[in-house]
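One structure is given below, encoded as structure tokens.
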Amino acid sequence: MNDVDALRERLANYLSARSGRPVVVRELVKFPVGFSWITYGVRLQENGAEHDLILRLGPPYGLFAPYSALPEYETLKALEGSGACAPRAYDASDDPSILGAPFFMCERVEGSAPVPWSGRDSRAMDDARRTDLANDFIDALASLHTFDWRRSGLAPWGACVTPENAAARQIAFWREKHERWALRPHPMAHRAFAWLEDNQPVAPRVAIVHGDYRLGNFLEQNGRITAILDWELVHLADPVEDLGWAFLPQYRGGTGLVCGLAKEEEFLARYEAGAGFTVDRKALRFYLVFSLLKLALTHMAAARCFEDGRFNDMRMPAMATQIAPVLRQIEKTLGAAA
Amino acid sequence: MNTSLPRLIDGMIATLRQEVIPNLQGDFARGQAYGLIYMLNSIRLRASWSNEFLGEQLRALDEAAQALSALAPQLPGAPPPPAIVARPLPSAAELEAQRDAGDKAICDLIDWLGAHRASAPAAVVAEADAAIARYIQRQLKWELTTSAKPMFEEMSRGSD
């Protein structure tokens, strides 16, 4: 029995036990998307009817292992009914005895995810479609950043997060990752951490930060965004952090547009109107450098999990080749800021 | 190995593109194959047959050259023996360890400057910053010069 057949059987057993009636897994298809969690499209047959869902597994050998499915699950549950552009979460557990790894199940939303790397999908859009997608993309982010998490199930997350310490907490979080993942010393990473320590902004508010908000992490259908995906890095922090990530050059695909969708100032103007605060441009620069460093660290994670022999996915060493280009971008960005 | 490493890699890539990928089922599997091509391209720009592999052949030649040189006077008109003096070559692992130790020292200095910037002489700190910046620029520029064109699009789509 191969891995997929074994997973199919475990999934059917789990869902049957949970619902108290037989559930058959008709299809289990692994998607080539994502670099961390493994994503499957699942078709179930239950009570004579078929329905689809998405299953995500956080493998023990994965990029950011060890995983917990709970932050993503709790966030989507908190956002349910708020009008947020997010799939409905069905189930999650960190108990590996169920499916072999922490897992998360959610609604399968119609649509396709544009690929960010070359800009081919962005350039193929006509202006009307790009404008609609840009508006949806910006509005969904502003809406997320105005969501009152204190009145939701996420309130306990915010016990220690303040506008004053939001940046410092993230620097500390990613510094620990750097120490864990780096296979060799990277002087530019140390320079970047030193610069971030010296230039921390105060957040305009503490908000839900998606953590990976970019082209490629949403579904679109007929020119409209149907769902924001991949919430695994969600946390409470400075909302400008998500802007810094979305503004990364890696997601512009050579178009010069933020995520291949909107000019920077147009993006910011619409976001500011929706989010209800003016984006401090120095804070945005801080979070751009932070995001570049976070991206370099993500590539270091890929190098580490491949080097340790945990994961033979060829995307891991491929990602590892991008450490130097990203560090070079940090060096140039800091040079421009000096 | 009797082929050059670059030609061997070119052949591997051509085989993957022409013979393997068209016959693979599934976007994920094809994406992995494109990942192989990307990594082979990356290896091509940085790798050569190792010093250990070539060094042992030179040492063997050296031994033969010494034995044959002793016999040469008794073989008038014969081609001269090989003139090999095998030098000890550092292994790639030794060079890598030297680089990492140097980078570790630079990182430690960056961290120290970050913590002592206010109390250290400003002009000296500025000079140290500039020297470190020049080193980082040179190091990263070399890494980029010896990097293959990324293929993330092909790896994500499973097609080119």
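Going from the alpha-carbon gyration tensor of segment A:39-93, what semi-axes, largest first and in whole Å, does one get by taking the root of 5 times each eigenvalue? Intermediate values should be presented prior to the final figure.
Working: eigenvalues 97, 70, 15 Å².
Semi-axes, largest first: 22, 19, 9 Å.
For segment A:232-338, applying the loop criterion from DSSP together with a ceiling of 16 other beta carbons within 10 Å to the trypsin sites (Lys or Arg not before Pro) yields A:Lys263, A:Arg310.
Sorted into 10 angstrom bins from 0, the C-alpha pair distances of the protein assembly as shown split as 3, 16, 25, 24, 16, 8, 4, 2, 1, 0 percent. Taking amide H as placed 1.01 Å from N in the peptide plane, the amide H of B:Ala120 sits under 5 Å from none that are at least 5 places away or on another chain.
Peptide B:82-94 has a mean shielding of 0, counted as Cβ atoms of other protein chains within 10 Å of each residue's Cβ. Find the centroid of the Cα atoms in segment B:10-28 and in segment B:128-160, then give the distance between the two in whole Å. First find each Cα centre; the distance between them is then 26 Å. Peptide B:134-147 shows a mean partner chain C-beta count of 4 within 10 Å per residue C-beta. Counts of other chain beta carbons within 10 angstrom of each beta carbon in peptide A:313-322 average 6. Just to be sure I understand: with springs between alpha-carbon atoms less than 10 Å apart, which residue in A:Asn217, A:Asn165, A:Asn47 has the highest mean-square fluctuation in the Gaussian network model of chain A? For chain A, modelled as a Gaussian network with Cα springs under 10 Å, the answer is A:Asn47.
For the pair segment A:211-266 / segment A:143-174, the C-alpha centres are spaced 20 Å from each other.
Each 5 Å bin from zero up to the one holding the largest Cα-Cα distance in segment A:135-239 carries the following percent of pairs: 2, 11, 17, 19, 17, 15, 11, 6, 2, 0. Note on B:Glu19 and B:Leu144: their simple-model spin labels are 3.8 nm apart, each label 7 Å out from Cα toward Cβ.
Test of the criteria: in segment A:147-198, which GluC sites (Glu not before Pro) are in a DSSP loop and have at most 13 other Cβ atoms within 10 angstrom of their Cβ? If you can, show how the numbers build up before the last one.
Values: sites: A:Glu164, A:Glu176, A:Glu179, A:Glu197; in loops: A:Glu164.
Qualifying residues, ordered by number: A:Glu164.
Dividing the C-alpha radius of gyration of chain B by 2.2 N^0.38 Å, with N its residue count, gives 1.66.
Beyond 28 Å in Cα-Cα separation lie the following of the pairs A:Lys282/B:Lys104; A:Lys294/A:Lys332; A:Lys30/A:Lys263; A:Lys177/A:Lys282; A:Lys77/A:Lys282: A:Lys282/B:Lys104; A:Lys30/A:Lys263; A:Lys77/A:Lys282. Each residue of segment A:325-331 is assigned a 3J(HN,Hα), and the resulting list reads x, 6, 4, 5, 5, 4, 4 Hz, derived from the Karplus form 6.51 cos²θ - 1.76 cosθ + 1.60 (θ = phi - 60°), x at Gly and Pro. Shown for segment A:3-107 is the translational diffusion coefficient from the Stokes-Einstein equation, using the Kirkwood radius over Cα pairs, a temperature of 4 °C and a viscosity of 1.567 mPa s: 91 µm²/s. For the options A:His51, A:His235, A:His145, a Gaussian network treatment of chain A with springs between C-alpha atoms closer than 10 Å singles out A:His51 as fluctuating the most.
In percent, rounded to a whole number, the relative contact order of chain A is 17, using alpha-carbon pairs under 8 Å and six or more apart. When chain B is treated as a GNM with alpha-carbon contacts under 10 Å, the residue of B:Glu143, B:Glu127, B:Glu52 showing the greatest mean-square fluctuation is B:Glu127. Rounded to whole numbers, the Karplus 3J(HN,Hα) couplings from phi for segment A:223-240 are x, 10, 6, 9, 6, 8, 10, 6, 9, 5, 9, 4, 6, 9, 5, 6, x, 5 Hz, using 6.51 cos²θ - 1.76 cosθ + 1.60 with θ = phi - 60°, and x at Gly and Pro.
Taken together, the values in this text are just the output of simple stated rules run on the coordinates, not laboratory data. As the structure is a prediction and not an experimental result, all values here were calculated from the model. Don't worry about glycine lacking a Cβ; one is built from the backbone with ideal geometry, like all the others, and counts go over all protein chains shown.
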